[in-house]
Amino acid sequence: MKKISILGSTGSIGTQTLDVVRQNKDVEVVAIAANSNVDLILKQIKEFNPKLVCMYSSKAAEELLKNVKEDHLNVQVVTGMDGLISCATIDEAEIVVTAFVGMIGIRPTVEAIKAGKDIALANKETLVTAGHIIMPLAKEMNVKILPVDSEHSAIFQCLQGAAGNKPAKILLTASGGPFRGKTLAELKYVTPEDALKHPNWSMGKKITIDSSTMVNKGLEVMEAKWLFDVTEDDVQVVIQPKSIIHSMVEFTDGAVIAQLGVPDMKLPIQYALYYPERRMPTADRLDFTKLSQIEIFNPDNVNFPALPLAYSAIKTGGSMPTVYNAANEVAVAKFLNREIGYLDIVEAIKMMMEKHNVINNPSLEEILEVQDKVNEGLKDYRTL
């Protein structure tokens, strides 16, 4: 019986992880954590019987504790960052699924690695901002970092038959989101409802917005750099609108290996949990007889400038990727709250990058301080 902890159990990745648990029957969920969705996490407690539950919101934790007592459930309820860390380091867990969105996932991931837990990584911000800390620590602790993002899982799978040969190039695929082919003039009046209509994937709100702006792909380039020990120049983003090719690896001799499948996150989740074993499919199989063609395009860096901004942040290095990520987190929240326009998301990132004095090789404390400064710098940012 494989024992896991899920940080972010009520979000998109977390709920799909629990779908994988239901299907396979040989995984025990020993701890779960969420921000504030009491109703859903209470249902998860009753179904999966974890020993430890964290509600990051103290108010939500109080409400959950009241429900737990009323229903006579045998579970410990904790809260805040200390609670997240408790869930990440619980003795019984072998693998920690880090599915929280945003930089909130950094400290629990670091502590889980220190505790010797393998990491099923869905929280890309951890490597974007602290890859220089995370990867050496994982190596020191002999801990596996198993990517859950569909693109990074695809690259990871392609490299399994590489026999130690390093990739000459990583071809990181993107769908192009709902606005592929649109101009800046057409994007000016995009609403949150428009941006949340992804053509292929069912994801949480924040990552869906990131996909539409191409910020998500910029973050994934940063993540790939650390996961696969390559430079940003070794990562080429290509647009594959159907989301059938999840990513590709090109080797020195020109051979290209690709991982293909239907767009379903449960496949990379299951692969991370059971690596290197493969299980029965979590969704429909890809039917090649129904594929008339697979189109590949270059990204549109003029109308979607978030991607070149990401490459700039990587080349600058140090604390600049943290600024890129933190500014985006604030701007997306403001866009969803109708405080700024769609194009202002990338403008906010650009503005904060231009203002930032780079810290080379930042510590974890410095990374979090940079986040706080960005949050403060954008606190009064309004355009609508």
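With respect to the conditions (1) in a loop (DSSP other than H, G, I, E, B); (2) at pLDDT 90 or above; (3) surrounded by fewer than 18 Cβ atoms within 10 Å (Cβ to Cβ), V230 falls short on a single one, namely (3). Within the stretch 57-71, residues that are farther than 19 Å from L7 by Cα reach partners that are in a loop (DSSP other than H, G, I, E, B) and open to solvent by 70 Å² or more (accessible area, probe 1.4 Å) with beta carbons closer than 9 Å, at six or more positions or on different chains, in the pairs V68/N74. Within the stretch 335-351, the set of residues being farther than 19 Å from V370 by Cα, part of a helix (DSSP H, G or I) and either in contact (Cβ under 8 Å) with a residue 40 or more places away in the chain or in contact with a Pro (Cβ under 7 Å, 6 or more places away or on another chain) (or both) comprises F335, L336. Of the residues V53, V38, the single one that is of a type outside the set (S, T, Y), crowded, with 19+ Cβ neighbours inside 10 Å and closer than 17 Å to P108 by Cβ is V53. With the checklist (1) closer than 28 Å to G116 by Cα; (2) open to solvent by 70 Å² or more (accessible area, probe 1.4 Å); (3) not hydrophobic (A, V, I, L, M, F, W, C) in hand, flag the one item K59 doesn't pass. Of (1) closer than 28 Å to G116 by Cα; (2) open to solvent by 70 Å² or more (accessible area, probe 1.4 Å); (3) not hydrophobic (A, V, I, L, M, F, W, C), only one is false for K59: (1).
Checking every residue in the stretch 197-215 against the condition of being open to solvent by 40 Å² or more (accessible area, probe 1.4 Å) and modelled with pLDDT of 95 or more gives zero matches. Please go through the stretch 17-31 and pick out each residue that is closer than 22 Å to S150 by Cα and open to solvent by less than 30 Å² (accessible area, probe 1.4 Å). Of everything in the stretch 17-31, those that are closer than 22 Å to S150 by Cα and open to solvent by less than 30 Å² (accessible area, probe 1.4 Å) turn out to be T17, L18, V20, V21, N24, V27.
Of the residues making up the stretch 347-384, those that are more than 22 Å from the chain's Cα centre (by Cα), acidic (D, E) and surrounded by fewer than 15 Cβ atoms within 10 Å (Cβ to Cβ) are E354, E376, D380. Looking only at the stretch 192-210, residues that are over 15 Å from L309 (Cα atoms) and under 12 Å from the mean Cα position of the chain (by Cα) come to 5 in all.
When you scan the stretch 3-11, do you find a residue that is within 20 Å of the chain's Cα centre (by Cα) and modelled with pLDDT under 95, even just one? Steps first, please.
To start, the set of residues in the stretch 3-11 that are within 20 Å of the chain's Cα centre (by Cα) comprises 4-11.
From what is left, the residues that are modelled with pLDDT under 95 are 11.
Yes, the stretch 3-11 has at least one match.
Residues in the stretch 15-29 that are assigned to a strand (DSSP E or B) and more than 23 Å from E70 (Cβ to Cβ): V27, E28.
With the structure loaded, tell me whether E94 is in contact with a strand residue (DSSP E or B) (Cβ under 7 Å, 6 or more places away or on another chain) and open to solvent by 10 Å² or more (accessible area, probe 1.4 Å) or whether it fails that test. Yes, satisfied.
To keep it simple, each residue is scored yes or no on (1) surrounded by 16 or more Cβ atoms within 10 Å (Cβ to Cβ); (2) more than 20 Å from A99 (Cβ to Cβ); (3) hydrophobic (A, V, I, L, M, F, W, C); (4) under 16 Å from the mean Cα position of the chain (by Cα).
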residue	(1), (2), (3), (4)
M141	no, yes, yes, no
E151	yes, no, no, yes
F156	yes, no, yes, yes
A168	no, yes, yes, no
T173	yes, yes, no, yes
G177	yes, yes, no, no
V190	yes, yes, yes, no
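The values are calculated or read from the model by the stated rules, or taken from the named source; none is laboratory data. All values reported here derive from a predicted model rather than from experimental measurement. All Cβ positions, glycine included, derive from the backbone under ideal geometry; neighbour counts span all protein chains shown. The accessibility values were calculated without ligands, DNA or RNA, using every heavy atom of the protein model including side chains. Shrake-Rupley method; radii C 1.70, N 1.55, O 1.52, S 1.80 Å.
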